[in-house]
Amino acid sequence: MEGLVTQIQGLSGTASDVLSLQNLLKQADDSLHAESTRLPPFLDQLDPSKHSLGYLYFLEACTAGPVTQEQASSFVLTIARFISSCVAEQIRLAPDKFISVCKRFKDQVLLLEEPLRGVAPMLTAIRKLQLSSEHLTALHPEFLLLCLLSKCYKTALSILDEDIFEVDQPRDLFLYCYYGGMISIGQKQFRKALELLHNVVTAPMSTVNAIAVEAFKKYILVSLIHHGQFPTNLPKYASSGAQRNLKTLCQPYVELASSYSNGKIADLETYVEANKDKFESDNNLGLVKQAVSSMYKRNIQRLTQTYLTLSLQDIANRVQLNSPKEAEMHVLQMIKDGEIYATINQKDGMVRFLEDPEQYKTCEMIERIGSSIQRLMTVSKKLNVMDELMSCDPLYLAKAGRERQRFDFDDFDNVPPRYNI
Amino acid sequence: MASSSSSGLTFKLHPLVIVNISDHYTRVKSQTNPPPLTSTSATVNGVEHQQQAPRVYGCVIGVQRGRTVEIFNNFELLYDPSTHSLDRPFLEKKQELYKKVFPHFYILGWYSTGSDAQESDMHIHKALMDINESPLYVLLNPTINPAQKDLPVTIYESELHVIDGIPQLIFVRSSYTIETVEAERISVDHVAHLKPSDGGSAATQLAAHLTGIHSAIKMLNSRIRVLHHYLVGMQKGDIPCENSLLRQVSSLLRRLPAIESEKFQDDFLMEYNDTLLITYLAMFTNCSSTMNELVDKFNTAYDRHSRRGGRTAFI
């Protein structure tokens, strides 16, 4: 054991040394696991910032067994310190060990019921493990889970803003997008939530999994809140399993969506009351209530398409609100959020609906469009690369070849054969 | 032939003349049957038969005021190969007609096409000397040289030089400038932007329009850069300070920007935004189509139940 320690200390200098060290450590892994109880004092001899790889192996062996509450807090401290001071290149040589250490860290933090302590170290861990900001690691969903449990949504938003192009494991993507959707709902960023939940629902899956079912329920509700309608068919890039099965598994929600589209609030509210327990058991009751209140907004928006001016009393009647005062509050809120363009004349209580005042004449618009074009160009390049990869995929070529026309034009006889009837 | 004239006359050439000569030449060339071949392609009777591009001839007319000779217009003449001279009666008839319409114009000389002035040209030149004591010879080189930056037009004068003890008339080259009237500028612009037959579609017109603006801006940019470089050198002291040039630069700078008003800003930004939106839309369409293909391929490869089964129907 001491020999191993000295070797680690000696061989952590250059990259080639580290590689040979890794081989040594792999061979010594079993013996490390066997002596896991003896290891903690050795940890003090190693410096996490210089001997990251060796420290990682030792740490992983230490935390392998069941951990008691007292041990948990000391381990949490050690692991947190390790994560903040370790060297990224060395850890990337043994990513699965690093991931398992971090997962145990998360378990211990949850055991201590202090998820907040785990948020910052987990964020650093993600940054060190990621190969680039477009890479989704197994730590992303753990991080989002900690953020959800500790209710610090803002830190999660910085991670959610990054676009993901590479994924290690599909399960990571599902969990990441699902948690991300929940966090965005918590922050009332419904557009982002819709995008993330959409990713879960349309991701390729050979069989429908539970995460997708839960995500689909939330997806229906968020799409009602944000868009005011729910598209009954999933797009064609959703897997066929999802297309057939998801709707049958989420029946009450689909019915909620159809009664929403009828536009009558009273019906909607009775339906919600009737199925309250189902919604509550899914922890979706809050979202359902938000969906019901968004119905008013939807109806007011529908009014803008028919009328140029309308009195507040009329609005209240059409939208089935109780008084013109409530109508005024709703309209005011919507103007502030930028959902409609209108002016309220308080003297006679008339609301005038206006057109979108954007003239596309300003420099800010130029910058916005310019940056959108840049983003689109990068996406386009990536798509082209993916398209080429897909065209060379043997699975695709095998199936595409089968659908080709078997006969050439020349094989046809111009004179139709005589049929003997 | 000497290379520079010493007569001290300044010549101004109008683009109408150049366009006319070029048009005459092109017409004749496309009407000859068979079209002229290149030099090494045919041998007839053991003699290498070289069909050259046809030469066209004509007269140039214009005004001479003091030391300035301005060539405004020209007309075509027939060349008689037997007498090696131009058709005289026709020339006189044309001269009369032109005198009626443009009383101030005189016959200043004649023109032809070719790569260089030849000895036989002197014959024609001398024949014209009775109309004009010192006629001009305008020569257009019809061969297209993509590397050449200047116009392939040269103006020759005749001078009496003593060569080998014998006084001879030889051609000497003269420099000239191009002078345009507003109407000519419009038509030259139009001709310059002529595109081949399918130039009618909106996409190529837009592309041509934007390309024109782009090259104009590029040229402006490069010229200003030269000026900037020069001024920086002057500031450092590498180049002696020239006040007249500095005054010119300063007056130029005061003229830019050419328009500065709010309406212009508005319209300019709106047009800029429109172009950007068009580009954005085009990129979007491109991206969507790639994505569509990718999704189709993915579904074919990995989704077991996606296809409706069976082969596609044949024609």
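Would you point out the residue of segment A:9-19, among those that are within 17 Å of A:ILE91 (Cβ to Cβ) and in a helix (DSSP H, G or I), that is modelled with the lowest pLDDT? Lay out the reasoning, then the answer.
Looking only at segment A:9-19, we keep the residues that are within 17 Å of A:ILE91 (Cβ to Cβ), and these are A:11-15, A:17-19.
From what is left, the residues that are in a helix (DSSP H, G or I) are A:15, A:17-19.
Values: A:ALA15: 73, A:ASP17: 77, A:VAL18: 77, A:LEU19: 79.
Within segment A:9-19, the match that is modelled with the lowest pLDDT is A:ALA15.
Among what's in segment A:168-205 and is of a type in the set (A, V, I, L, M, F, W, C) and touching a Ser or Thr at 6+ places or on another chain (Cβ under 9 Å), pick the residue that is farthest from A:ALA138 (Cα to Cα). Can you show your working first?
Just the residues of segment A:168-205 that are of a type in the set (A, V, I, L, M, F, W, C), to begin with: A:173-175, A:177, A:182-183, A:185, A:190, A:193-194, A:196-197, A:200-201, A:203, A:205.
Within this subset, residues satisfying the condition of being touching a Ser or Thr at 6+ places or on another chain (Cβ under 9 Å) are A:190, A:193-194, A:196-197, A:203, A:205.
Numbers: A:PHE190: 25, A:ALA193: 20, A:LEU194: 22, A:LEU196: 17, A:LEU197: 18, A:ALA203: 17, A:MET205: 18 Å.
In this case the residue turns out to be A:PHE190.
Quick check, is A:LEU354 closer than 29 Å to B:SER289 by Cα, modelled with pLDDT under 90, more than 8 Å from chain B (Cβ to nearest Cβ) and out of contact with any helix residue (DSSP H, G or I) (no Cβ under 6 Å at 6 or more places or on another chain)?
Working: closer than 29 Å to B:SER289 by Cα: no; modelled with pLDDT under 90: yes; more than 8 Å from chain B (Cβ to nearest Cβ): yes; out of contact with any helix residue (DSSP H, G or I) (no Cβ under 6 Å at 6 or more places or on another chain): yes.
No, not satisfied.
Can we say B:PHE268 is part of a helix (DSSP H, G or I) and modelled with pLDDT under 85?
Judged against the criteria, B:PHE268 is not a match.
So for segment B:115-132 (the condition being closer than 17 Å to B:LYS12 by Cβ and not in a loop (DSSP other than H, G, I, E, B)), does at least one residue qualify?
no
Sort through B:PHE171, B:PHE105 and tell me the only one that's farther than 19 Å from B:HIS84 by Cβ and more than 20 Å from the chain's Cα centre (by Cα). Before the answer, list the steps.
On the way: B:PHE171 fails: farther than 19 Å from B:HIS84 by Cβ.
Just a single option satisfies the conditions, and that option is B:PHE105.
What is the number of the single condition among (1) under 24 Å from A:MET182 (Cα atoms); (2) surrounded by 19 or more Cβ atoms within 10 Å (Cβ to Cβ) that A:GLU134 does not meet?
That leaves (2) as the condition not met.
Across segment A:202-217, what is the total count of residues that are charged (D, E, K, R) and surrounded by fewer than 17 Cβ atoms within 10 Å (Cβ to Cβ)? Working first, answer last.
First pass over segment A:202-217, keeping only residues charged (D, E, K, R): A:214, A:217.
From the residues that got through so far, the ones that are surrounded by fewer than 17 Cβ atoms within 10 Å (Cβ to Cβ) too are none.
Going through segment A:202-217 one residue at a time, the tally reaches 0.
Which pairs do you get when a residue that is at positive phi, found in segment A:89-100, comes within reach of a residue that is acidic (Asp, Glu), reach meaning Cβ atoms under 8 angstrom, with the pair 6+ apart or on two chains?
Correct list of pairs: empty, since none qualify.
Among B:SER261, B:SER244, B:SER250, B:SER215, which is of a type in the set (S, T, N, Q), within 30 Å of A:LYS361 (Cβ to Cβ) and modelled with pLDDT under 90?
Values: B:SER244 fails: within 30 Å of A:LYS361 (Cβ to Cβ); B:SER250 fails: within 30 Å of A:LYS361 (Cβ to Cβ); B:SER215 fails: modelled with pLDDT under 90.
Just one listed residue meets the conditions, B:SER261.
Check A:GLN45, A:GLN22, A:GLN27, A:GLN7 and return the single one that is in contact (Cβ under 8 Å) with a residue 60 or more places away in the chain and either polar (S, T, N, Q) or touching a strand residue (DSSP E or B) at 6+ places or on another chain (Cβ under 8 Å) (or both).
Numbers: A:GLN45 fails: in contact (Cβ under 8 Å) with a residue 60 or more places away in the chain; A:GLN27 fails: in contact (Cβ under 8 Å) with a residue 60 or more places away in the chain; A:GLN7 fails: in contact (Cβ under 8 Å) with a residue 60 or more places away in the chain.
Only one candidate passes the filter, namely A:GLN22.
Scan segment A:148-163 and tell me whether some residue there is farther than 30 Å from A:MET122 by Cβ and more than 14 Å from chain B (Cβ to nearest Cβ). Full working, then the answer.
First, the residues of segment A:148-163 that are farther than 30 Å from A:MET122 by Cβ: none.
No.
Six or more apart or on different chains, Cβ under 6 Å: which pairs go from a residue in segment A:243-260 that's on the phi < 0 side of the Ramachandran plot to one that's β-branched (Val, Ile, Thr)? Could you list them?
A:ASN245/A:VAL208; A:LYS247/A:VAL254; A:LEU249/A:VAL213; A:TYR253/A:ILE220; A:ALA257/A:ILE220
Which one of these does A:GLU195 not meet: (1) within 12 Å of the chain's Cα centre (by Cα); (2) touching a residue at least 12 places away in the same chain (Cβ under 8 Å)?
A:GLU195 satisfies every listed condition except (2).
Exactly one condition in (1) without any contact (Cβ under 8 Å) to a residue 60 or more places away in the chain; (2) assigned to a helix (DSSP H, G or I) is false for A:SER132; which is it?
(2)
State all residues of segment A:220-242 that are assigned to a helix (DSSP H, G or I), modelled with pLDDT of 80 or more and more than 23 Å from A:SER281 (Cβ to Cβ); if no residue qualifies, say none. I'd like the intermediate steps shown before the answer.
Taking segment A:220-242 as the starting set, the residues that turn out to be assigned to a helix (DSSP H, G or I) are A:220-227, A:240-242.
With modelled with pLDDT of 80 or more added as a condition, the list becomes A:220-227.
Within segment A:220-242, A:HIS226, A:HIS227 qualify.
Among the residues of segment A:260-288, write down those that are crowded, with 17+ Cβ neighbours inside 10 Å and under 16 Å from A:VAL319 (Cα atoms).
Residues satisfying the conditions are A:TYR260, A:ILE265, A:LEU268.
Over 19 Å from A:ILE8 (Cα atoms) and not in a loop (DSSP other than H, G, I, E, B): is that true of A:SER74 in this structure?
Numbers: over 19 Å from A:ILE8 (Cα atoms): yes; not in a loop (DSSP other than H, G, I, E, B): yes.
It is true that A:SER74 is over 19 Å from A:ILE8 (Cα atoms) and not in a loop (DSSP other than H, G, I, E, B).
What single numbered condition from (1) more than 30 Å from B:GLU119 (Cβ to Cβ); (2) hydroxyl-bearing (Ser, Thr, Tyr); (3) touching a residue at least 24 places away in the same chain (Cβ under 8 Å) fails to hold for B:THR204?
So B:THR204 meets the others, but not (3).
So for segment A:327-346 (the condition being part of a loop (DSSP other than H, G, I, E, B) and touching a His at 6+ places or on another chain (Cβ under 8 Å)), does at least one residue qualify?
Start the filter on segment A:327-346 by keeping residues that are part of a loop (DSSP other than H, G, I, E, B), which leaves A:338-341, A:346.
Still in the running and touching a His at 6+ places or on another chain (Cβ under 8 Å): none.
No, there is no match, as no residue in segment A:327-346 is part of a loop (DSSP other than H, G, I, E, B) and touching a His at 6+ places or on another chain (Cβ under 8 Å).
Which residues, counting only those in segment B:258-277, are more than 10 Å from chain A (Cβ to nearest Cβ), more than 30 Å from the chain's Cα centre (by Cα) and either small (Gly, Ala, Ser) or under 14 Å from A:ARG368 (Cα atoms) (or both)?
Answer for segment B:258-277, where residues must be more than 10 Å from chain A (Cβ to nearest Cβ), more than 30 Å from the chain's Cα centre (by Cα) and either small (Gly, Ala, Ser) or under 14 Å from A:ARG368 (Cα atoms) (or both): just B:SER261.
Out of (1) touching a residue at least 24 places away in the same chain (Cβ under 8 Å); (2) in contact with a Lys or Arg (Cβ under 9 Å, 6 or more places away or on another chain), what's the single condition that is false for A:LEU112?
(2)
Restricting to segment A:291-327, what's the tally of residues that are polar (S, T, N, Q) and crowded, with 17+ Cβ neighbours inside 10 Å? Walk me through it before giving the result.
Keep residues of segment A:291-327 that are polar (S, T, N, Q), which gives A:293-294, A:299, A:301, A:304-306, A:309, A:311, A:313, A:317, A:320, A:322-323.
Going one step further and asking which of them are crowded, with 17+ Cβ neighbours inside 10 Å, we end up with A:294, A:299, A:304.
Looking only at that region, the number is 3.
For every residue, the table says whether it meets (1) loosely packed, with under 12 Cβ neighbours inside 10 Å; (2) within 30 Å of B:THR211 (Cβ to Cβ); (3) aromatic (Phe, Trp, Tyr); (4) facing chain A (nearest Cβ under 10 Å).
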site	(1), (2), (3), (4)
B:ARG225	yes, yes, no, no
B:HIS229	yes, yes, no, no
B:LYS236	yes, no, no, no
B:SER250	yes, no, no, no
B:LEU256	yes, yes, no, no
B:THR279	no, yes, no, yes
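What number of residues within segment B:206-254 satisfy the criterion of being in a helix (DSSP H, G or I) and either under 30 Å from B:ASP274 (Cα atoms) or of a type in the set (A, V, I, L, M, F, W, C) (or both)? Step through it out loud before you land on a result.
First, the residues of segment B:206-254 that are in a helix (DSSP H, G or I): B:206-236, B:243-254.
If we keep only those that are either under 30 Å from B:ASP274 (Cα atoms) or of a type in the set (A, V, I, L, M, F, W, C) (or both) as well, we get B:206-227, B:231-232, B:234, B:245-246, B:249, B:252-253.
Counting residues in segment B:206-254 that are in a helix (DSSP H, G or I) and either under 30 Å from B:ASP274 (Cα atoms) or of a type in the set (A, V, I, L, M, F, W, C) (or both) gives 30.
Just to be sure, is B:LYS100 surrounded by fewer than 16 Cβ atoms within 10 Å (Cβ to Cβ) and at pLDDT 90 or above? Full working, then the answer.
Details: surrounded by fewer than 16 Cβ atoms within 10 Å (Cβ to Cβ): yes; at pLDDT 90 or above: yes.
Judged against the criteria, B:LYS100 is a match.
Among the residues of segment A:138-152, is any more than 24 Å from A:ASN283 (Cβ to Cβ) and surrounded by 17 or more Cβ atoms within 10 Å (Cβ to Cβ)? Give the steps one after another, and end with the answer.
Residues of segment A:138-152 more than 24 Å from A:ASN283 (Cβ to Cβ): A:138-139.
With surrounded by 17 or more Cβ atoms within 10 Å (Cβ to Cβ) added as a condition, the list becomes A:138-139.
The answer is yes; a qualifying residue exists.
The values are calculated or read from the model by the stated rules, or taken from the named source; none is laboratory data. Everything numeric here is computed off the predicted structure, so don't read it as measured data. As a convention, Cβ positions derive from the backbone with ideal geometry for all residues, glycine included, and neighbour counts pool all protein chains shown.
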